[in-house]
Amino acid sequence: MSLRLWSSRLPAPRACSLRLRSLRASGFLPLLFALMLAAAPGFAESPAEPAGDFGVLLLSHGGSPEWNATVAETVRPLRERWRVEIAFGMADASTMEQAVRRLEDAGVRRIGVVRLFVWGESFLDRTRQVLGLLPGAPPRPADPDAAKAHAAEHPHGQGPERLHGANELQAHLEGIPFWRIETRSRCVVSSEGLAQCDTMGEVLAERVRGLSRDPARESVLLLGHGPEDDAENERWLAALAALGDMVGKGAPYRALRVETLREDWPDKRAAAIERIRSFVKEAGRDGGRALVVPVRIQGFGPYAQVLEGLDYDSDGKGLTPHANVSRWLAEQAERLERELDDQEN
């Protein structure tokens, strides 16, 4: 049966049994080693070599120790070429500042800021503001530690009137340190995300093949985070659909669908949940099965709760760890290094 995109709106689902495939143990020992190195929200692992004044500041969302360790393992190949520091958080001025200091203390004066996010627009302007490349960030406070603690305990403007109708992401961002960091280095920032890279289609296709047993009876769901803005969400979906085309090549899956949960915006999320659950329920009809692949940096996120009571298969893996992601990061760093070279010529 040829591949088709599922677009119908279906009735509300009935409860079915959940079947979540156990996570695979392959690569466990390297991941465990990276986990031991990456327990802190920002950590140094830059070697004494290589030399040179160019270094990489890797920005990523961050999460559980396993989440952070997976990112550390993905970044490891870059350390053979450049000094690399990781700053976890959503453009967190505190972790970014600490990482920049470590690079500069090692002699770096040109920094390529590589952003490991699924979507290229995520926190892009905020990152540039923190680095002083765009206006908007306040000066560094006299006591950053006190300011960080205060932001976490008393996000600005968060009285009942501020939270009325507010989205969850904005509420969280207001508790994240935000100021213009002081740096002696010249910085350039990447603007692409993984969803805009063709080779991520190969990663997703590999994930689906690992789950598949009978493609003609299987419906594939590629599920991503998604933004608040409707126009931006359409760009997300278009990028995911392009990756989905690669997943469907050569495999006659019964259906393939891309969706974004838009999980930080309750009003957007409710409609998305209804569509997602309807697709998964319908996939189980007539002896079929749903294969759910998260388009996330790492792990399954909140999708188990969203799909609770439904019958589907997933290995729970995101895009990392995978060699294609490591190669993409290296390409981003190379591009930023060339950009800084061009600025000097």
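Read-outs: derived from the displayed coordinates by stated rules, not from any lab. What you see is a predicted model; the values in this text were computed from it and never measured. Cβ atoms come from the backbone with ideal geometry, glycine included; neighbour counts cover every protein chain shown.
Observations
- Applying the criteria of a DSSP loop state and at most 12 other Cβ atoms within 10 Å to the trypsin sites (Lys or Arg not before Pro) of segment 191-241 yields R213.
- For segment 271-329, alpha-carbon Rg relative to the globular expectation (2.2 N^0.38 Å, N residues): 1.31
- When only Cα pairs below 8 angstrom with a gap of at least 6 residues are kept, segment 198-306 shows a relative contact order of 38 percent.
- Evaluated at q = 0.12, 0.22 Å⁻¹: base-10 log I(q)/I(0), Debye formula over Cα of segment 198-306: -0.38, -1.27
- In order through segment 135-143: 3J(HN,Hα) via Karplus (6.51 cos²θ - 1.76 cosθ + 1.60), integer Hz, x for Gly, Pro: x, x, 8, x, x, 4, x, 5, 10
- Sites E234 and R338 - FRET efficiency at Förster radius 30 Å, r taken between beta-carbons, to 0.05: 0.40
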